[in-house]
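As C-alpha cells, the structure follows; a few thoughts come after it.
Any read-out appearing in this document is the output of simple, stated calculations on the displayed coordinates, not a laboratory observation. Predicted model, so just to flag it, every value in this text is computed and none were measured. Note that we place each Cβ from the backbone using ideal geometry, even for glycine, and neighbour counts take in every protein chain shown.
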Amino acid sequence: MKELWLVRHGTTEWNVSGRIQGHADIPLNALGEEQARAVGQKLSEIPFDAVWCSDLGRARRTAQLAGHLRAVPDARIRELDFGGCEGLTWDELDGLTRDDLMAYEGFQAPSGESTAALTARVTEFVDELPDGRHLLFTHGGVVRALLHECGEGPTHLANGSVTRIAWDCRRKLGRLAVLTGGVRSGKSSRALKVAAEWGKGDVSFLATAEGLDDEMRLRIANHRREREETGWETLECPRDAAAALLRAKNQVCVLDCLTLLVTNLLLEGGTDFVKSGIDDLVAAWRSSGKDLIVVTNEVGWGIVPDNELSRDFRDLLGWANQRLMDQASEGWLCASGRALVLKPSL
C-alpha cells in the first residue's frame, strides 16, 4: 500500500495579497514559518518511510522548519507553472482564464503549463515511489492534482494544511479518443471502426442530433437502421451527454457528434450552458471509467462569421475540442478519408 501525507507550504506574502505564485520562488513570512513548525509538532509521532519536498524554496523551508532537514527535493512536485499569470491577483485575471482555472481540467496557463502536464509529472513521481508511508512538502496545485486523480473534487487547502491520500484508491481512467476534421472527412467511419475494435460488438452510441427537419429525420432513421444491424445500444442525448454516458450499458461508447452537442447547448442556454455541459461530460468520462470515442468538427478554417452567434459557436466548439483533446489518450485529424495522428495512443 502506498500512503501519501501531503503538506502545503506555509504562508508567503504573496499568499496574503492573493497573488498567484506558481514557479515564482517567494519565501515564507513569519506566519508561514510558524505554520511549518506547527506541522512538525503535529506529525512528530508519525513514522514515515521517506520524506520529499518540492525544489522551490517555500516548500523546502517548510520541510526544514518541520524538522525534516533531509527531505529529498524533486522538481516534479513543484507548483504549476502559471506563466504570464504569476504575480497577478484573481481580480486581475481575465474572465476566460478565471473560468478555465476554476474548471481545472483543460486549463492552460498563458506561456506556462497545463493542469494535464502538472498531473502527468506529479503522478509519474508518485507512481515511482515504493509502497510505504511518504511525506511530501509541496503546493496547493500538486495536492489538488493528486486529489483529483483519486476522484475528489476541488477543495480549500490552507497553508500548512496536511492531506492524507491512500494512493491505491486512485481511479482507473478509461480511454478517450477524439476524431476531428471537416465534413465528409472520414471521422465517423473511423470512429465506428475504432469502436468495433475496442468493444468487440458491445458498443453504446450516444447520438446528439435532433430531427428538426425532414432531411435530418431521414438521416437519423438511416443511421439507426445501420446501428440496429450491429446490435449496438443507441442513446439519444442532444444536450445531456454526460447523463447518457453514465447510463450507457456498455464499456465502449461513441459520441457523434460534439459539434451538434455544442450547437444544442448554445441555442438552449448560451455560453455558460455549453461550458458546464462539456465540463459535465469530461467529469462523467473520468468518473465512469468507460472508453469514449468522440467525433467533432474543425470549423475555424474558413472566413470569419458575419454574426455574433456564429462567432460564439466557432469559439466555443474550438474550446470544447481543445478541452477533450487535452484529456484524450489518442486523437486524429481526418481529411479525405485518411487520419493524421495528433496524439498517439499510450
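Looking only at trypsin sites (Lys or Arg not before Pro) in DSSP loops with at most 15 other Cβ atoms within 10 Å, what is the longest site-free stretch of the chain? Longest stretch, sites excluded: 71-170.
The amide H of LEU255, built 1.01 Å from its N in the peptide plane, has LEU206, ILE293, VAL294, VAL295 as neighbours under 5 Å, considering only residues 5 or more places off or on other chains.
Convex hull volume per residue, computed on the Cα atoms of segment 1-107, equals 120 Å³. In this simple spin-label approximation, SER17 and SER336 carry label points 7 Å from Cα along the Cα→Cβ vector, and these lie 5.6 nm apart. Between GLU128 and THR89, the modelled label-to-label distance comes to 4.0 nm, taking each label 7 Å out from Cα in the direction of the beta carbon. Note: segment 75-213, Cα convex hull, 207 Å³ per residue. Amide H contacts of LEU176: LEU292, SER329, GLU330, each under 5 Å away and 5 or more positions distant or on a separate chain (H built 1.01 Å from N in the peptide plane; Pro and chain starts excluded).
Compactness ratio for the chain: Cα radius of gyration over 2.2 N^0.38 Å (N = residue count) comes to 1.14. 3J(HN,Hα) couplings calculated from phi for segment 182-196 with the Karplus curve 6.51 cos²θ - 1.76 cosθ + 1.60 (θ = phi - 60°) are, in sequence order, x, 5, 6, 9, x, 4, 5, 5, 5, 4, 5, 5, 4, 4, 5 Hz; Gly and Pro show x.
Legend: calculated FRET efficiency, ALA158 to THR230, from the Cβ-Cβ distance at R0 = 51 Å, rounded to 0.05, equals 0.45. Bridgeable lysines around LYS2 (alpha carbons under 29 Å apart, same-chain partners fewer than 8 residues away excluded): LYS42, LYS172, LYS290. Residues in segment 144-152 carry Karplus couplings, in order, of 4, 4, 6, 4, 4, 5, 9, x, 8 Hz; the curve used is 6.51 cos²θ - 1.76 cosθ + 1.60 with θ = phi - 60°, and Gly or Pro positions show x.
The charge dipole of segment 176-343, taken about the Cα centre with unit charges on the Cβ atoms of Lys, Arg (+1) and Asp, Glu (-1), comes to about 580 debye, rounded to the nearest 20. Label-to-label distance for ALA116 and ILE220 is 3.2 nm, based on points extended 7 Å past Cα in the beta-carbon direction.
Computed over the alpha-carbon atoms, segment 176-343 gives an Rg to Rh ratio of 0.94, Rh here being the Kirkwood radius from the mean inverse distance. Derived scalar couplings between HN and Hα for segment 305-318 equal x, 8, 9, 5, 4, 5, 5, 4, 4, 4, 5, 5, 5, x Hz in order, rounded to whole Hz, by the Karplus curve 6.51 cos²θ - 1.76 cosθ + 1.60 (θ = phi - 60°), x for Gly and Pro. Averaging 1/r over each pair of different alpha-carbon atoms in segment 39-153 and inverting the result gives 15.3 Å, the Kirkwood hydrodynamic radius.
Each Lys and Arg Cβ is given +1 and each Asp and Glu Cβ -1; about its Cα centre, the chain then shows a dipole of about 900 debye. Under 5 Å from the amide H of PHE137 lie the amide H atoms of VAL7, TRP52, CYS53, SER54, each residue being 5 or more positions distant or on a separate chain, with H modelled from the backbone and absent for Pro and chain starts.
Secondary-structure-derived ellipticity at 222 nm for the chain, considering helices only, amounts to -13500 deg cm²/dmol, per-run term -39500 (n - 2.57) for DSSP H runs with n ≥ 4. Work from the charge dipole of the chain (Cβ charges, +1 for Lys and Arg, -1 for Asp and Glu, about the Cα centre) and give the residue of ASN307, TRP5, LEU258 farthest towards its positive end. Among ASN307, TRP5, LEU258, the one farthest towards the positive end of the dipole of the chain is TRP5.
By the Stokes-Einstein formula, at 0.890 mPa s and 25 °C, segment 90-168 with its Kirkwood radius over alpha-carbon pairs has D equal to 176 µm²/s.
Overall shape of segment 222-303 was characterised from the C-alpha gyration tensor. The equivalent ellipsoid obtained from it has semi-axes of 22, 17, 12 Å, in decreasing order.
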